[in-house]
């Protein structure tokens, strides 16, 4: 099968990546038995006592309770080199995604010795459209690694008048078809649950703005037309806030306090979520982890980052029960302002961060979510160098609530052993 016949979910290990246009097709008896066999393996793995121990560690870690440093590995775009599309046995695109998802959980358990928790639940995405802003960027795929280029639609400042708030639409008929099909094959083996299908907790306002205006032009707008840019950010903030409030009022939100990827690192297990008043039923925003990111502002001053992005993000992040902030950009000189986010718990310490400054700013009051430089792992895999690299961070951040999140991998040069090798290095050094 061709590479692009499998969609590899970059980081979220708790659900398969199936788009709105892919519906369940037929499976023959052999394929069905193969899928059910994989589900039985996942059930057995999820019942391993080690999973409960990992859950306990994550709950304590996310409460700043003091555990050993926890580790996660997300192979992302390197997944095809670990678990190849050609190894899949199911023909139908919908069910092949489920096959790959189950296979990747089995592979994780056998070959990646990190602290990811494998749960038995199967989440089935609903078919949901988030709409657009009245104007939409045109994307073009530029390589087999899913890299995209785009043409931003706001060419002139006056184009802002063409913007409209996005409208959500739910295709419950198609959603039910998906759910019923998955339940029919797996329902007697594993819990099958509905899932919203969109990221309700993601607060990436500048990402929306850049998609509409373009990165270079938006940087110029900060200086050339700041009031105009404030107007754009206000529109986007209103649209995102309107969307998540609507999802809340409709009862469409899902809890994210289990093995959900809590951007940009860590798992969501928490004794603080959902909130104290939750007794099942309708989920509110205060029951969720929120996540704010602004990678496009990496080279912008703290003052401009705050004025044009963070102040707007705050209006949304204040809705959530706990928050995480930051991704691949350096927050070295921005920690002070980021710490004003309400109920902030996890802060990203990217490969470009000054580790010592991060230690001073975060202390043991926030999760120090360290992102090792992935190029060091995949550029020849020098074990001595990597051990020293991990040892240095463990020493520098020894009094912090440290987690080690390897991600942003594009390739491992067909060396899956480098992933398992990294896991062993981290496990060894943490255990010293």
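The values are calculated or read from the model by the stated rules, or taken from the named source; none is laboratory data. Given the structure is predicted, the values throughout are model-derived calculations rather than measurements. Heads up, the Cβs are rebuilt from the backbone with ideal geometry, glycines too, and the neighbour counts pull from every protein chain shown.
Given the criteria closer than 18 Å to residue 21 by Cβ and surrounded by 17 or more Cβ atoms within 10 Å (Cβ to Cβ), does residue 197 qualify?
It is true that residue 197 is closer than 18 Å to residue 21 by Cβ and surrounded by 17 or more Cβ atoms within 10 Å (Cβ to Cβ).
Out of 61, 109, I need the residue that is closer than 17 Å to residue 265 by Cβ, crowded, with 17+ Cβ neighbours inside 10 Å and touching a residue at least 12 places away in the same chain (Cβ under 8 Å). Which one?
Result of the check over 61, 109: 61.
For the range 27-97, please list each of the helices (runs of 4 or more DSSP H) lying entirely inside it that holds at least 2 residues being in contact with a strand residue (DSSP E or B) (Cβ under 7 Å, 6 or more places away or on another chain), modelled with pLDDT of 95 or more and within 30 Å of residue 372 (Cα to Cα). Working first, answer last.
Details: elements: 29-46, 49-62, 79-82.
Correct list: 49-62.
Restricted to the range 398-420, and to residues that are more than 23 Å from residue 261 (Cβ to Cβ) and out of contact with any helix residue (DSSP H, G or I) (no Cβ under 7 Å at 6 or more places or on another chain), which residue is surrounded by the most Cβ atoms within 10 Å (Cβ to Cβ)? Please lay out each step first, then the result.
Let us first name the residues in the range 398-420 that are more than 23 Å from residue 261 (Cβ to Cβ), namely 398-399, 413-415, 417.
Next cut, out of contact with any helix residue (DSSP H, G or I) (no Cβ under 7 Å at 6 or more places or on another chain) only: 398-399, 415, 417.
On the way: 398: 10, 399: 11, 415: 17, 417: 12.
Filtering first and then ranking leaves 415.
Among the numbered conditions (1) part of a helix (DSSP H, G or I); (2) over 23 Å from the mean Cα position of the chain (by Cα); (3) touching a residue at least 60 places away in the same chain (Cβ under 8 Å), tell me where residue 300 comes up short.
Result: residue 300 fails condition (1) only.
Please work out if residue 173 is more than 30 Å from residue 307 (Cα to Cα) and surrounded by fewer than 19 Cβ atoms within 10 Å (Cβ to Cβ).
Yes.
Inspect the range 371-392 for any residue being touching a helix residue (DSSP H, G or I) at 6+ places or on another chain (Cβ under 7 Å), in contact (Cβ under 8 Å) with a residue 24 or more places away in the chain and closer than 30 Å to residue 277 by Cα and give the result as yes or no.
No, because not a single residue in the range 371-392 is touching a helix residue (DSSP H, G or I) at 6+ places or on another chain (Cβ under 7 Å), in contact (Cβ under 8 Å) with a residue 24 or more places away in the chain and closer than 30 Å to residue 277 by Cα.
So that you can scan it fast, the table gives a plain yes or no per residue for (1) outside any loop (DSSP other than H, G, I, E, B); (2) surrounded by fewer than 19 Cβ atoms within 10 Å (Cβ to Cβ); (3) at pLDDT 95 or above:
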{"position": "257", "(1), (2), (3)": "no, no, yes"}
{"position": "271", "(1), (2), (3)": "no, yes, yes"}
{"position": "275", "(1), (2), (3)": "no, yes, yes"}
{"position": "283", "(1), (2), (3)": "no, no, yes"}
{"position": "291", "(1), (2), (3)": "yes, no, yes"}
{"position": "305", "(1), (2), (3)": "yes, no, yes"}
{"position": "312", "(1), (2), (3)": "yes, no, yes"}
{"position": "315", "(1), (2), (3)": "yes, yes, yes"}
{"position": "319", "(1), (2), (3)": "no, no, yes"}
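Any idea which of (1) within 23 Å of residue 432 (Cα to Cα); (2) surrounded by 19 or more Cβ atoms within 10 Å (Cβ to Cβ); (3) touching a strand residue (DSSP E or B) at 6+ places or on another chain (Cβ under 6 Å) is the one residue 122 doesn't satisfy?
(1)
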